[in-house]
Structures are given as structure tokens and as C-alpha cells.
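The values are calculated or read from the model by the stated rules, or taken from the named source; none is laboratory data. Everything numeric here is computed off the predicted structure, so don't read it as measured data. Neighbour counts are summed over all protein chains in view; Cβ atoms, including those assigned to glycine, are modelled from backbone coordinates with ideal geometry.
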Amino acid sequence: VLSGNVFEPRALDELIPKWRQEDAPIRVPVSSDKFWMLTKNKAWTLPSPFDNKGNYVISLSQLVRWMSVKAEELGVEVYPGFAASEILYDENQIVAGVATNDVGIAKDGSKRETFQPGVELRGRITLLAEGCRGSLSENIITNHKLRESGQGQHQTYALGIKEVWEIEEGKHKPGSVVHTVGWPLDMKTYGGSFLYHLDDRQLAIGLVVALNYRNPFLSPYDEFQKFKQHPAIRTLLEGGTVLQYGARTLNEGGFQSIPNPVFPGGAIIGCSAGFLNVPKIKGSHTAMKSGMLAAEATFKALVEGSSMDLYWENLKKSWIWDELYRARNYRPVCGYYYYQSPKQHLLSSF
């Protein structure tokens, strides 16, 4: 799980109300929330458009591991390290499960000593939670025309690049959150960066670049390296060490791009369905809530014989729908009006 995460606990409060009394890996409340406009040599502080009061800076991987233990205690079987590679259908072309990929195969295609063949995992209901642009989810969305039936537009994407650093003690401010826009991206390229101070002197730093950038020579990775050389960022990282790094795509389509998430034999949840709140830069809470709604619909489908369409109906009545509806115009406006004004030309000279 790759995420620089400022976690909104709304869904977790509903799922595990007493999580604060347990040993949950959610220990660093947001202590400050800043927003910078970067030019090549300056960082201009602007009023923050974010409201992270009551949120936490976390490692999403640690939270997922903690929750997986909770699930296993309830009898859930978890198979980490095995990717679902194929959708299984029954004789009526209804989804009946997934098949995992073979593991332990060398580059030349030969089987290593550690080879394990893929297995078929079959069930009456299959819930797909692959994250942004999941291969099986996209296959289902296309084959079953879910975007058309849900009246959703095409999805749009961004690429997020992230590193976790261990920085010097004197520079570490647990709970500090900083978001930036501007340099090194030009004003025709939508994107921004983040710096999140976790515990244990750790800092999550990253850059997000919308993949509709016009410059064919732009490299998000190279822009990230430039970003780390900015005077306000370089001084923070000097003397530190990179612990982890990675990259991941993000959904940016928002409310307008949500497909019908229900298909014969199952449903799509989380970022696979596009539930990221773009202006908040958050999707963990909506993903968790969508999973809860899908689980409730699945239970009724298995026990009472009701339709999984109940998930789609309840989704539209939930706070997920209200939240994404309120944010529906954010990304389209940025797409049309993200341009460089004379004042911004003046700022870029500093």
C-alpha cells in the first residue's frame, strides 16, 4: 500500500468506534497545516484550502496490517503477496471469483524452486478493491459498460511519486503537514507536492503530476528531483536518509467519472471505482466506507437473496456521495483555468 497519508478517521469511527482505546498505528495528529506557493527560489505562504483538524499523519501500510489482523481474528483469510490476475466466470457469464498469478518464475520463463502455481478463488460475490486503475476492475467496467450505465465520464489520472525520509531530529515536527503548488511545474501542468511529518523522525515527501500535461518531454520523476533541490525543501532533507520510495497513479475524475459499481456477481469498491476526493487529496476514508456499504449489501444478498444493486442505492444516500458531489467542479475548473497570469510571471522571477 503506497500512500503519503493524512488520514480522516470518519469511516474508521463507524467501523471500529473504540479504535482510539486500542493499539492502532494512528498516533500523530495533525499539528500544523500549511500551504505554499513555490517559485524557483522562494516559498510563499498562502491561506490553506485544507481543513485537517482532527486528522492524523499515518503510514497507511501500518494501518492496513493492523486491520488485517482484526479481520483474521474474525475468521477472514488474507493472502498477502498474491495478485489476482484473471476474472473467473460461470456458465452464465456471471463473475464467480478470481484466479491468482503464478509466482516463482524466472525472467526466461523457467520455473524456479520457489514456483507456486496460481489458484482459483471462487465465491458467490466478488468485491474488487484493486486501487486506482485496477486491471480486473477496468476489464469489468469496459466489458459490462458500467461507466455508460452509471452515466459516468471517462476517468482521468495523475502520477504520485513518494519517498519516506529519516531526517535530523531538530528538523522533525511530528504532525506537520505542508502542501505546495507552483515550481517546478509550469502553470499549464496541474499538480503539487506534499510533506507529511510522521513519528520516529520520518518524513513522507512526494509530488503529484496530472497525466494530461502538454509538454511531451516532461518527466514527473525529474520534476520530483528538482523539487527536492528547492531551498525550502533541500534544507529539510540535508543530513537525512531515504528509507522507502515508490510511485502510484491516482484517480482525478471525481464525481463525474464514477461508474455503476455493480456487475453480475459482484461490485467494485474504493479507488477502483474512483472515490478519491480530489481537493482533499484523500480517498482512504471513502474507500473504507464504500467497502462497508458493499459488505452490508453482500450480507443481505447472501442471506436474504436481495440484489447487489442495494450497494449502488446506499452509496448514493451516503456521505461519500454528498462529499464527492460538493467537490465535483474542482478538477474541471483547474483543467480549464490553470494558466499563468502576469502576476505569476513576476513571482517566478524571484
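Out of (1) of a type in the set (Ser, Thr, Tyr); (2) over 17 Å from residue 281 (Cβ atoms); (3) modelled with pLDDT under 95; (4) in contact with a Lys or Arg (Cβ under 7 Å, 6 or more places away or on another chain), what's the single condition that is false for residue 45?
For residue 45, the failing item is (3).
Out of all the residues in region 219-242, which are part of a loop (DSSP other than H, G, I, E, B) and surrounded by fewer than 17 Cβ atoms within 10 Å (Cβ to Cβ)?
Listed by number, the residues that qualify are 219, 229, 238, 239.
One line per residue, one yes/no per condition, for (1) modelled with pLDDT of 95 or more; (2) among the aliphatic types (A, V, I, L, M); (3) farther than 28 Å from residue 9 by Cβ:
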residue: 75; (1), (2), (3): yes, no, no
residue: 87; (1), (2), (3): yes, yes, yes
residue: 105; (1), (2), (3): no, yes, yes
residue: 108; (1), (2), (3): no, no, yes
residue: 139; (1), (2), (3): yes, no, yes
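Among (1) in contact with a Leu (Cβ under 9 Å, 6 or more places away or on another chain); (2) crowded, with 20+ Cβ neighbours inside 10 Å; (3) of a type in the set (Ser, Thr, Tyr), which single condition is residue 190 missing?
Answer for residue 190: the failing condition is (1).
Being in contact with a helix residue (DSSP H, G or I) (Cβ under 6 Å, 6 or more places away or on another chain), surrounded by 13 or more Cβ atoms within 10 Å (Cβ to Cβ), β-branched (Val, Ile, Thr) and within 23 Å of residue 133 (Cβ to Cβ) narrows it down to one residue among 64, 6, 1, 98; which is it?
So the residue among 64, 6, 1, 98 that is in contact with a helix residue (DSSP H, G or I) (Cβ under 6 Å, 6 or more places away or on another chain), surrounded by 13 or more Cβ atoms within 10 Å (Cβ to Cβ), β-branched (Val, Ile, Thr) and within 23 Å of residue 133 (Cβ to Cβ) is 1.
Test each condition in (1) touching a residue at least 40 places away in the same chain (Cβ under 8 Å); (2) farther than 25 Å from residue 303 by Cβ for residue 124 and report the one that comes out false.
(2)
Do you know which residues across region 263-305 are closer than 17 Å to residue 252 by Cα and of a type in the set (Lys, Arg)?
Within region 263-305, 280, 282 meet the criteria.
Mind checking which residues of region 70-107 are out of contact with any Pro (no Cβ under 8 Å at 6 or more places or on another chain) and at positive phi?
Passing the criteria: 75, 81, 97, 104.
For residues that are surrounded by 18 or more Cβ atoms within 10 Å (Cβ to Cβ) and not aliphatic (A, V, I, L, M), tally how many sit in region 243-255.
6
Residues that are in a strand (DSSP E or B), touching a residue at least 12 places away in the same chain (Cβ under 8 Å) and of a type in the set (Gly, Ala, Ser): does region 100-114 have at least one?
Within region 100-114 (the criterion being in a strand (DSSP E or B), touching a residue at least 12 places away in the same chain (Cβ under 8 Å) and of a type in the set (Gly, Ala, Ser)), the answer is yes, since at least one residue qualifies.
Residues checked against (1) outside the structural domain of residue 213 (by TED's automatic domain parsing); (2) modelled with pLDDT under 95; (3) more than 22 Å from residue 64 (Cα to Cα):
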site: 129; (1), (2), (3): yes, no, no
site: 133; (1), (2), (3): yes, yes, no
site: 136; (1), (2), (3): yes, no, no
site: 146; (1), (2), (3): yes, no, yes
site: 149; (1), (2), (3): yes, yes, yes
site: 165; (1), (2), (3): no, no, no
site: 168; (1), (2), (3): no, no, yes
site: 175; (1), (2), (3): no, no, no
site: 180; (1), (2), (3): no, no, yes
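Any residue at all in region 69-76 that's acidic (Asp, Glu), free of Cβ contacts under 8 Å to residues at least 12 places away in the same chain and not in a loop (DSSP other than H, G, I, E, B)?
Yes, some residue in region 69-76 is acidic (Asp, Glu), free of Cβ contacts under 8 Å to residues at least 12 places away in the same chain and not in a loop (DSSP other than H, G, I, E, B).
Of the residues that make up region 267-286, is at least one of a type outside the set (Lys, Arg), assigned to a helix (DSSP H, G or I) and surrounded by fewer than 24 Cβ atoms within 10 Å (Cβ to Cβ)?
Within region 267-286 (the criterion being of a type outside the set (Lys, Arg), assigned to a helix (DSSP H, G or I) and surrounded by fewer than 24 Cβ atoms within 10 Å (Cβ to Cβ)), the answer is yes, since at least one residue qualifies.
If residue 201 meets every condition in (1) within 21 Å of residue 62 (Cβ to Cβ); (2) touching a Lys or Arg at 6+ places or on another chain (Cβ under 9 Å); (3) crowded, with 21+ Cβ neighbours inside 10 Å apart from one, which number is that one?
(3)
From the list 316, 343, exactly one residue is surrounded by fewer than 15 Cβ atoms within 10 Å (Cβ to Cβ), modelled with pLDDT of 95 or more, over 25 Å from residue 1 (Cα atoms) and outside the structural domain of residue 213 (by TED's automatic domain parsing). Which is it?
The unique qualifying residue is 316.
Of 64, 6, which residue is β-branched (Val, Ile, Thr), in a helix (DSSP H, G or I) and within 16 Å of the chain's Cα centre (by Cα)?
Residue meeting the stated conditions: 64.
Select from region 160-195 the residues that are within 10 Å of residue 206 (Cβ to Cβ) and not acidic (Asp, Glu) and write down the one among them that is nearest to the chain's Cα centre (by Cα).
Result: 160.
Got a sec? Which of 193, 137 is touching a residue at least 24 places away in the same chain (Cβ under 8 Å), in a strand (DSSP E or B) and among the small types (Gly, Ala, Ser)?
It is 193.
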